[in-house]
Structure formats: C-alpha cells, structure tokens
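Read-outs: derived from the displayed coordinates by stated rules, not from any lab. Since the structure is predicted, the reported quantities are computational estimates derived from the model, not experimental observations. Note that each Cβ is placed from the backbone with ideal geometry, even for glycine, and that neighbours are counted across all protein chains shown.
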Amino acid sequence: MTATEDDSWQIAGQRFQSRLVVGTGRYKDLEETAAAIEASGAEIVTVAVRRVNLSDPKAPMLQDYVSPKRYTYLPNTAGCHTAKDAVRTLRLAREAGGWNLVKLEVLGPAPFLYPDMPATFEAAQALIADGFQVMVYCADDPLAAKRLEDMGCVAIMPLGAPIGSGMGVVNPYMISAIKREAKVPVLVDAGIGTASDAALAMELGCDAVLLNSAIAHAKHPVIMARAMKAAVEAGRHAFLAGRMPRNYSADASSPMSGLIRS
Amino acid sequence: MPFGHCTATLRPMSGQITVSVNGETRHMPQGATVAALLSAIGLDTRKVAVERNEEIVPRSTYATLALTEGDTLEIVHFIGGG
C-alpha cells in the first residue's frame, strides 16, 4: 500500500477510516471528554446506558458534548451480568439512538473483571437473535474467539490485559493467533496503557484498538489522545510494511568497501 | 407492588395512579401518557429511552401510551463508558 491508498476497515458493512475506538468514561468532565475524543480522531465511541437522574433532569448529557451525529455510538453492556440484562440494556440503547451495532461485555468479579465467557456466549446468542450486530469483548482464547465468530459476532475483541490495568498486551502470541484465524475484525480491547501498547496491538495485525483509561487517566488526556492516534497509525503502517527479521548477530548498515586508508 | 410501601400520607389522591420510575414512587393523573410523565420530570424525549414493565416503549407511542396503576418504568440515557 502507498501512503495515499485507502486503508479503511469495515464492521458489519459500515466503513471507518480511524482504527482507534475510544471509550467516553472516566474523564474529569464532559468538556475534557469531548476534547480528548476530538484529538483521538476516533469515529466510534463506546457509551454506557444508565438511569437518568430524576432529581437533575437538566444536567448536561454526553450527547450534548459528543454528538451521535458525528460519532458512531457503540453502546455497551457494562454492569450486566446476565443475558437478560444485556438484552434489556441494549434494546433501550437501540430505542434511544437507533443503533444495532453494540459492544457486549459480561464481566466476572473484581479484582480482574475478566470476561465471563459462558455468560458472554449466552448473551451473544440472545442479542444476535434480537437483531443486534455484536462486537464482543472476550478472553484471549482462540477457541472462544472462533466460537463467537461462528455464532455471528461482527467483531472479536480480546483483552490485552484486565480493564483499566494499563498492563499492555500481555499475551501477544494469543492475540496474533486469534487474528490469524478470524474472518471478522479483531480489536484489542482493554489493557492498553500507553502509545507503544497500542502500536504493538496494531503491529500484531489487529484491525483496530479500543481503549479508554489510557487516555482518560493520563496526566494530560488530550495529548495522550493525540499520541494514541499516532501510535495506531504507526503500528498499522509497520504491520503493512512488514517488519525485518530479528537477527541474533549484527549486520552493518554502512558498506565496508571504500574505506579510507592511511 | 411499588405502592405497597406507601404510608397514609403518600396515598395518591383519587383520580391518580402510582407508578415506579427508576425505582422511585411517583403519582400521575389517571390516563397520563409516557410523554406527560417525561414532561413532568422535565426530560428531553429525544435523549432518553423508556422501558415499561420490562418492555421497550417505542418513541412513536410516547404521546398515546397511557400509564396504568403499578407500572414499573425505567428511563435511561447514554453516559460515558468504556
């Protein structure tokens, strides 16, 4: 590919240029959320569905700062522990915004909030049956990933490391293995801590990266959002370029001929 | 039933119904619609979604769907999340 060639990607028939998907949680306030998302260049943002605060109905809402007309909202099932809760939550999200593209996550208990795969399978089945296009957060388990794809999930999103841990991509071999076998997009979701982690995920061949805390919990979220944008692009280009082989011995970069002699 | 917790002082006036909204007890006039409830709370209908007794209320029916005694309603919106 050349620098000018289109390198867009697709989920469930929708085409996107940016390979960085960002969360909208954990920011200081909605102004900072909006500024960081703008700087990230993301086109898809994850959002949660919660009860409105009846005692403060005029409180500013996320939609006032991060317009669903500009960004593709990807509602999540955070906090849902059963298939029934996930379906209810995303039906509400669909009515609130009219989207079918959703992020399924069913988490186990603290301290790891590890994907609860039996509950995830059950919820995925129920959501797909209800007409949703499911991007699914999952363990870095190639068998689970394949099974989710076979069920009809539109993207497979294994964790790099536990949510909010900032530990990076701790098992790059399994992420590569999942990507090699998948016919739908694979995104590393969760665990990214800094720009080099996002670049690594892309160098492994992932189609995109999903992160939230790495930007929101940086000392300067807007600058980190810029860094993440550059890292995802750099990692993608490095993947497309194809890295040189690793070599245990040195191989001089400068020619040995034509040296001056006394 | 949500109104099982009502004390005498909270008992609705006649011509009123009691419903549960996001876990809170509220009184509305008999025949009030979902749109009337949202308006009474002060919510922008374009930014919320409503579930009534675990069934989605389509936006197109807000103005016509009348609430009934004991309804359990959930009103949600999008917030920041990962």
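Roughly how many debye, to the nearest 20, is the charge dipole of segment B:16-77 about its Cα centre, given +1 on each Lys and Arg Cβ, -1 on each Asp and Glu Cβ, and no other charges?
280
Put +1 on the Cβ of each Lys and Arg and -1 on the Cβ of each Asp and Glu in segment B:16-77; which of B:Ser39, B:Leu67, B:Thr18 then has its Cα farthest toward the positive end of the dipole?
B:Ser39
Would you mind ranking A:Cys80, A:Cys153, A:Cys206 by Cβ crowding within 10 Å, fewest neighbours first?
A:Cys80, A:Cys153, A:Cys206
Which of the listed residues, A:Phe239, B:Ala49, A:Val136, is farthest toward the dipole's positive end in the protein assembly as shown, when Lys, Arg count +1 and Asp, Glu count -1 at the beta-carbon?
Of the candidates, A:Phe239 comes out farthest on the positive side.
Taking amide H positions as placed 1.01 Å from N in the peptide plane, with prolines and chain starts having none, which residues 5 or more places from A:Gly23, or on another chain, fall under 5 Å of its amide H?
HN-HN under 5 Å from A:Gly23: A:Thr46, A:Leu211, A:Asn212.
When the Karplus curve 6.51 cos²θ - 1.76 cosθ + 1.60 is applied with θ = phi - 60°, which whole-Hz ³J(HN,Hα) does each residue of segment A:143-149 get, with x for Gly and Pro?
Values per residue, Gly and Pro as x: 5, 4, 4, 5, 5, 5, 5 Hz.
Using a cut-off of 12 Å between beta-carbons, work out the net charge of the residues near A:Met117 (Lys and Arg +1, Asp and Glu -1, A:Met117 not included).
Every neighbour counted, the sum reads -4.
Would you mind telling me which residue in A:Arg236, A:Arg180, A:Arg19 has the biggest mean-square fluctuation in a Gaussian network model of chain A, where springs connect alpha carbons within a distance under 10 angstrom?
A:Arg180
Can you pull the semi-axes for the protein assembly as shown, root of five times each eigenvalue of the Cα gyration tensor, sorted largest first, whole Å?
Square roots of five times the eigenvalues give 47, 20, 17 Å.
Could you name the lysines in cross-link range of A:Lys183, using Cα to Cα under 23 Å and dropping any fewer than eight places away on the same chain?
The qualifying lysines are A:Lys103, A:Lys146.
Just rank A:Tyr73, A:Tyr248, fewest to most, by other beta-carbon atoms within 10 angstrom.
With the fewest neighbours first, A:Tyr73, A:Tyr248 line up as A:Tyr248, A:Tyr73.
Counting only residues 5 or more places away or on other chains, whose amide H sits under 5 Å from the amide H of B:Ile17 once H atoms are built in the peptide plane?
B:Met28, B:Gln30
How large is ³J(HN,Hα), in whole Hz, for each residue of segment A:60-69 in order, when computed from phi with the Karplus curve 6.51 cos²θ - 1.76 cosθ + 1.60 and θ = phi - 60°, using x for Gly and Pro?
Each residue's phi maps through the Karplus curve to give x, 10, 3, 4, 6, 10, 10, 6, x, 6 Hz.
State the answer as a single residue: which of A:Leu113, A:Ser262, A:Ala145 lies farthest towards the positive end of the charge dipole of the protein assembly as shown, with beta carbon charges of +1 for Lys and Arg and -1 for Asp and Glu, about the Cα centre.
A:Ser262
Where the only charges are on Cβ atoms (+1 Lys, Arg; -1 Asp, Glu), what is the dipole of the protein assembly as shown about its Cα centre, to the nearest 20 debye?
440
Among A:Ile44, B:Ile17, A:Ile192, what is the fewest-to-most ranking by other Cβ atoms within 10 Å?
B:Ile17, A:Ile44, A:Ile192
Counting only other residues whose beta carbon sits under 14 Å from that of B:Ser20, what net charge do I get with K and R as +1, D and E as -1?
-3
Could you give the size of the charge dipole of segment A:79-203 about its Cα centre, using +1 on the Cβ of each K and R and -1 on the Cβ of each D and E, expressed in debye and rounded to the nearest 20?
220
Karplus couplings for segment A:35-52 from phi (6.51 cos²θ - 1.76 cosθ + 1.60, θ = phi - 60°), rounded to Hz, Gly and Pro as x?
Those phi angles translate into 5, 5, 5, 4, 5, 6, x, 5, 10, 10, 10, 7, 9, 9, 10, 9, 4, 6 Hz.
If you take every residue apart from A:Leu74 with its C-beta less than 13 Å away from the C-beta of A:Leu74, what net charge results, scoring Lys and Arg +1 and Asp and Glu -1?
Net local charge, A:Leu74 excluded: -1.
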